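Chemist: One structure is given below, represented as C-alpha cells, and several questions about it will come after.
Only the coordinates and a few stated rules stand behind these numbers; no lab work does. No experiment lies behind these values; they were computed from the predicted model shown. For neighbour counting, all protein chains shown are included, and Cβ atoms are generated from backbone atoms with ideal geometry for every residue, glycine included.
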Amino acid sequence: MHPKGYLVLVLHAHLPFVRHPGYQKPFIEENWLNEAILETYIPLLRVFRNLKSENIPFKITMSFTPTLSSMLVDEYLQDRFRSYIRNLIALAKQETKRTKGEDHLAYLANRYLSHFENSLEIFEETKGDLTKQFLPFLESGNLEIITSPATHGFLPFYESEPSIVRSQLKNGRRTFRQIWGRDPKGIWLSECGYFPGLEDFLDKEGFRYFFVDTHGVTHSSPKPMFGVHAPVEVGYGVFAFGRDPESSRQVWSSIDGYPGDYRYREYYRDIGHDLEFDYIKPFLHSNGIRINTGIKYHRITGKTSYKEWYHPDWAMEACGNHAEDFLRNRMRQAESLYSENKQPAIIVSPYDAELYGHWWYEGPQFIEFLFKKIHFDQSVIQTAHPLDAIRILPRIQSVRMKMSSWGENGYGDVWLNGTNEWIYPHIHSLSIDMQEKANQYKDSKDPLTIRVLKQMGRELLLLQSSDWAFIMKTGTMVEYAIRRTRVHANLFLYLKSMLEEGSIDEDELESIEKEHNIFPDVQISDFC
C-alpha cells in the first residue's frame with residue numbers, strides 16, 4: 001500500500017552568537033547555549049540513538065544556523081558548558097541531601113542527578129563537539145541538516161542592498177560546509193522571511209528549497225491547486241514548502257497545544273527562584289541574580305499559580321497519548337487530502353527546536369513516541385525529507401510568491417516597529433560603507449588591510465542578526481540586545497577608521513578578532 005501522505009518534520013535550531021571570553025562579570029546570555037545543549041540537543045541525540053538501536057526508520061530535518069554551529073564547535077564555549085553541567089551536578093548532589101526523607105522530592109532530585117551525569121558523559125563522547133554526534137544520522141539518511149543566513153538576518157528588509165543578502169547567504173553556506181563537511185541542499189530563511197526575487201540569490205548559492213509560513217504559499221499567484229500540502233516552484237528550480245497550520249496548531253497553540261497539558265513539567269517553577277537565596281546563591285554564578293537552574297519539581301497542574309509535584313510517569317503517559325493523537329490527526333488529514341487531490345499530501349510541520357526539551361521538557365520523548373507509532377501502528381503516512389517530497393509528487397505547480405514571514409501578523413512587524421526601528425539606518429549605512437571599502441581594497445595584498453576588512457565584515461554580519469530586533473520587541477534582555485547592536489556598529493566604525501587613517505593597531509585588531517572569531521573563512525568579495 002502506497003502512503004497517502006508524508007510528514008516533513010522540521011526543527012529549526014538557532015541561537016545568536018553569545019560568546020564572551022575574558023570578562024570578569026559572566027554573561028548570563030551564554031547560558032542560552034548551555035540550556036539548549038542540555039535540554040534540547042542532547043535529548044534529541046538520545047531519541048535518535050534509541051530509534052536507531054531499535055531499527056525504527058525515521059526522517060527528520062533540522063536547521064543548524066551558522067551562529068549555533070560555530071558555537072557548538074568552539075572550545076571556549078565547550079568549556080563553559082562543562083563548568084555549567086558540573087555546577088548542576090554539584091547542585092543536584094546537594095539537593096539529594098536536602099530532600100532526603102521527602103520521598104517524592106528525593107526521587108526527583110536523584111533523577112536529575114542521573115540525568116545531568118549522563119548528559120556530561122554524552123557531551124564528552126566527542127570531546128564536547130556535538131556536531132560529530134549528529135553526523136552519523138546525517139550520513140545514514142535519517143537526518144537532513146540545512147543551514148540559514150549567516151547571522152539569521154531578516155532578508156526582506158535588505159532587498160534594496162543585495163550585498164547584504166549575498167553575504168548572509170554565502171557565509172551561511174560556507175560555514176555549513178566548514179563544519180558539516182558538505183554543501184546544504186536547503187536553507188531555513190531567518191524567521192521564514194521571503195521576498196520576491198530571493199530565489200535568484202538562493203539558486204546562485206546552490207539552495208534548492210526553503211520554508212515559508214502558510215500564507216506565503218496560499219497567497220501566491222496563481223492560487224496553488226494543492227495549497228500548502230505540496231511544495232511550489234518559485235523560479236530557477238527552487239522550491240518553497242508551506243507550513244501546515246493544523247499540525248502546527250496542535251503543538252504551538254498556547255490555548256490547547258500539547259505542551260500545556262497539566263501533567264507536563266512546569267517551566268516557570270525552578271529552584272533557582274524558589275529556594276532560599278543563601279542556599280542557592282553559590283550555584284547561580286550570576287552575580288547574585290536569580291536564574292533558572294534547570295531543576296524543576298512541579299508540574300503545570302492548572303492555570304493558577306498553585307502547582308503540584310511533577311510525576312514523570314504521568315508525563316510519559318500524556319506524551320504517548322499526544323503522539324497517538326497527533327498521528328491519528330495526520331492520518332485523517334492525509335486520507336482526506338489524498339481523496340481530494342489524487343496525490344499524496346506533503347504535511348510540513350516546522351517548529352523551533354528549543355520547543356522540544358527546553359520549553360516542553362517531554363518534547364523529545366514525544367518525537368520518539370511519534371516515530372515509533374508511525375512505524376508500528378499504521379501505513380497511511382511516512383516521514384520524508386523535503387527533496388523526497390519533490391521526487392514523490394507527480395505534479396508541482398510554479399507560482400509567484402509575495403513577501404511573508406512566520407512572525408506575528410505574518411510579515412515584518414516583529415522586526416521593524418517603534419522598539420527597534422532605530423537600528424536599520426545604521427545597518428544600511430554601514431553595509432553601504434562595507435561594499436565601498438570591499439571594492440576599494442579587493443585587490444589589496446597587504447595582510448593587515450585584509451584582516452581589517454574581514455573583521456569589518458564579521459562585525460557587520462553580527463550587527464544584522466534578527467535576534468537583536470526581536471529581543472527589543474519582546475522586552476526581554478533588551479539592554480543586552482542594544483549593547484550588542486552598538487558594540488558591532490562601533491567596532492565596525494573603529495576598524496573603518498583604521499583603514500581611512502592608514503594606521504592599523506595590530507594589537508587592537510587581534511583582540512577584536514579573538515572575541516568575535518566567527519566566520520574564519522569570510523571573504524572580502526562577499527561584500528562587493
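Chemist: Pairs of lysines 8 or more apart, or on different chains, with alpha carbons under 21 Å: count those in the range 417-527, would you?
Modeler: 10
Chemist: Take peptides 12-18, 339-345 and line them up by average Cβ neighbours within 10 Å, highest first, as a rough protection proxy.
Modeler: Answer by packing, highest mean first, reads 12-18, 339-345.
Chemist: At what distance in nm do the modelled label points of Asp256 and Asn55 sit from each other, each positioned 7 Å from its Cα along Cα→Cβ?
Modeler: For the pair Asp256/Asn55, the computed spacing is 4.1 nm.
Chemist: May I ask you to list the residues of the range 425-460 whose amide nitrogen lies under 18 Å from a point 7 Å from Cα along the Cα→beta-carbon direction of Glu508?
Modeler: So the set is 448-460.
Chemist: Let me ask you something else. Seen from all sides and averaged, what is the projected area of the convex hull of the Cα atoms in the range 90-177, in nm²? Please list the in-between numbers first.
Modeler: Details: hull surface 38.8 nm².
Over all viewing directions, the range 90-177 projects a mean Cα-hull area of 9.7 nm².
Chemist: In whole Å, how far is the Cα centre of the range 1-69 from that of the range 205-277?
Modeler: Computed from Cα coordinates, the inter-centre distance equals 16 Å.
Chemist: About the Cα centre of the range 417-527, how large is the charge dipole given +1 on each Lys and Arg Cβ and -1 on each Asp and Glu Cβ? Please answer in debye to the nearest 20. Walk me through the numbers on the way to the answer.
Modeler: Details: 12 positive and 19 negative charges, 82 e Å.
Dipole about the Cα centre, nearest 20: 400 debye.
Chemist: Separate question: Would you work out the charge dipole size for the chain about its Cα centre, treating the Cβ of every Lys and Arg as +1 and the Cβ of every Asp and Glu as -1, and quote it to the nearest 20 debye?
Modeler: Numbers: 60 positive and 71 negative charges, 220 e Å.
Charge dipole, the chain, about its Cα centre: 1060 debye, nearest 20.
Chemist: Relative contact order, percent, of the chain when contacts are C-alpha pairs under 8 Å separated by at least 6 residues? Show your work: numbers first, answer last.
Modeler: Values: 877 pairs, mean separation 114.4, N = 528.
About 22 percent, as a whole number.
Chemist: Continuing with this model, one more query. Filter the trypsin sites (Lys or Arg not before Pro) in the range 292-335 to those in DSSP coil with at most 16 other Cβ atoms within 10 Å of their Cβ, and list the result. Numbers along the way, then the final one.
Modeler: Working: sites: Lys296, Arg299, Lys303, Lys307, Arg328, Arg330, Arg332; in loops: Lys296, Lys303, Lys307.
Those that pass, being in a loop and sparsely packed, are Lys303.
Chemist: How far is the Cα center of the range 486-527 from the Cα center of the range 417-465, in Å?
Modeler: Each part's Cα centre sits 9 Å from the other's.
Chemist: Now for a different question. Compute the whole-percent fraction of alpha carbon pairs in the chain spaced more than 30 Å apart. All intermediate terms of the calculation are to be shown ahead of the outcome.
Modeler: On the way: 71858 of 139128 pairs.
In whole percent, the long-distance tail amounts to 52.
Chemist: Turning to a different aspect of this structure: Using alpha-carbon positions, what is the distance between the centroids of the range 353-384 and the range 84-143, in Å?
Modeler: So the separation of the two Cα centres works out to 21 Å.
Chemist: Okay, next question. Given 20 °C and 1.002 mPa s, compute D for the range 35-168 with the Stokes-Einstein relation, Rh being the Kirkwood radius over Cα pairs; round to the nearest whole µm²/s. Write down the numbers at each step before the final one.
Modeler: On the way: Rh = 17.4 Å.
The estimated diffusion coefficient comes to 123 µm²/s.
Chemist: So for the range 417-527, what are the equivalent ellipsoid semi-axes in whole Å, largest first, each being the square root of 5 times an eigenvalue of the Cα gyration tensor? Present the calculation step by step, with values, prior to reporting the outcome.
Modeler: Working: eigenvalues 140, 41, 27 Å².
For the range 417-527, the semi-axes come out at 26, 14, 12 Å.
Chemist: Multiplying the sequence separation of Thr474 and Asn321 by 0.36 nm and subtracting their Cα-Cα distance, what value in nm do you get? Each step should come with its number before you reach the end.
Modeler: Values: separation 153, 0.36 × 153 = 55.08 nm, distance 3.31 nm.
Using 0.36 nm per residue and subtracting the Cα-Cα distance, I get 51.8 nm.
Chemist: Could you tell me the calculated FRET efficiency between Lys281 and Asp521, based on Cβ-Cβ distance and R0 = 41 angstrom, to the nearest 0.05? Please list the in-between numbers first.
Modeler: Numbers: r = 43 Å, r/R0 = 1.05.
Once the sixth-power term is evaluated, E becomes 0.40.
Chemist: Also, I was wondering about something else. For every helix of n ≥ 4 consecutive DSSP H residues, a contribution of -39,500 (n - 2.57) applies; sum these over the chain, divide by its total residues, and give [θ] at 222 nm rounded to the nearest 500 deg cm²/dmol.
Modeler: Numbers: 20 runs with 258 residues, N = 528.
That comes out to -15500 deg cm²/dmol.
Chemist: Taking the Cα centre of the chain as the origin and placing charges on Cβ (Lys, Arg +1; Asp, Glu -1), which of Tyr268, Asn110, Leu9 is farthest toward the positive end of the dipole?
Modeler: Leu9
Chemist: Just to verify a number: FRET efficiency for Lys204 and Glu233, C-beta to C-beta distance, R0 = 22 Å, to 0.05?
Modeler: Numbers: r = 17 Å, r/R0 = 0.76.
The pair Lys204/Glu233 has a calculated efficiency of 0.85.
Chemist: Counting other beta carbons within 10 Å of each Cβ, put Ser253, Ser220 in order, fewest first.
Modeler: Details: Ser253 12, Ser220 22.
The order, fewest Cβ neighbours first, is Ser253, Ser220.
Chemist: What size of dipole, in debye to the nearest 20, comes out for the range 253-341 about its Cα centre when the only charges are +1 on Lys and Arg C-beta atoms and -1 on Asp and Glu C-beta atoms? List each step's numbers first, then the result.
Modeler: Details: 12 positive and 14 negative charges, 43 e Å.
For this selection, approximately 200 debye.
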